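Rule-based calculations on the coordinates, nothing more; no lab input. Since we're looking at a predicted model, the values are computed, not measured.
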């Protein structure tokens, strides 16, 4: 019961505060999922993100993994629902007021402050993920190659994840 | 049905309104085949509901994307919810969103069960190590791609570094976001209020 409430609260909170899209949520969830509640080890969380990336649809589908590990099938449904609900409701309510909201300078200024902070939060989560993922020289090199492939050559991220898994299976 | 839609277009009549079932099918298709993040998925939604079926016009689609970008949460889910809502009210919003999520939900559930069963096998250790490297690259890329439009001056760089330090010190994330927004109001509000409305909106369009 406690776990259920914690799941609902955690995923709802992240769903309501992760401005900027799916990857932001992944970065936000890490704090609670790994550190606060220990539903997943950091290793498992990283693997869950990779699985979320190779499945179609939004990356926050990673929530299904977390929910399942914490509380089985019910947990996966609850986690996914709770993380989607805030933006679902906000979209429709704000959508009804769209014109006014777009012009409000206070809201614009708020978002202008939030957007660099979100980048900082992603970078921070990236650092802690890197600390446990990049354990030796080959893993560092592989990450660099992946990054180069995505940024420089615009390789599709699904392809990068699959290729990295195969390279890992053969060489690491 | 399709003939009628085409006739209506030929006559320049209003947009066609889909049934809930048609709505479910289209969003299910996008959710089940949309790889590669938010932008490719938005492009698929656009081609299905605007270009191919003429359920909504480009303006309304643009509103959906704007909402998705400004509000928390995944852009594509926000877009599915908003388009569903504008087409068929609350039932449309629910059906559109659930249909969009369902395929990847089921697939992810299956992968999770398999992982928890077999993830500890030594044969998989190398593959998982490789996946870990790829995830680092994905997160770094997300920060880089969002950082370019978000960091325009020294002040925003300070906000970025402050937020990052706060996260590493385990400060609550909602608190970090709220503080950053208040700092933004302090720094930019008077400046934005002084701008003519159109210029303020142009600035927002650059947010990724």
Helix-only [θ]222 nm of chain A, DSSP H runs n ≥ 4, -39500 (n - 2.57) each, per residue, nearest 500: -27000 deg cm²/dmol
Whole-Å distance linking the alpha carbon centroid of the range B:134-187 with that of the range A:1-44 is 18
Everything considered on the Cα gyration tensor (a ≥ b ≥ c; rounded for a/c under 1.5, else prolate if a/b is larger than b/c, else oblate), the range B:77-132 must be described as prolate
Using alpha-carbon positions, what is the distance between the centroids of the range A:109-172 and the range B:101-120, in Å? 22
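Mean residue ellipticity at 222 nm from the helices of chain B, using -39,500 (n - 2.57) per DSSP H segment of n ≥ 4 over the full residue count, to the nearest 500 deg cm²/dmol?
Helices in chain B give a 222 nm mean residue ellipticity of -26500 deg cm²/dmol.
What number, in percent, do you get for the relative contact order of chain A if the mean sequence gap of Cα pairs under 8 Å and at least 6 apart is divided by its residue count?
Relative CO of chain A lands at 25 percent.
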Please report, in whole Å³, the volume per residue of the convex hull around the C-alpha atoms of chain A. 139
Note the per residue figure in Å³ for the convex hull of the C-alpha positions in chain B. 174
Ratio Rg/Rh [Cα only; Rh per Kirkwood] for the protein assembly as shown: 0.98
What percent of all Cα-Cα pairs in the range B:12-78 falls into each 10 Å bin, going from 0 up to the bin containing the maximum distance? 20, 53, 25, 2
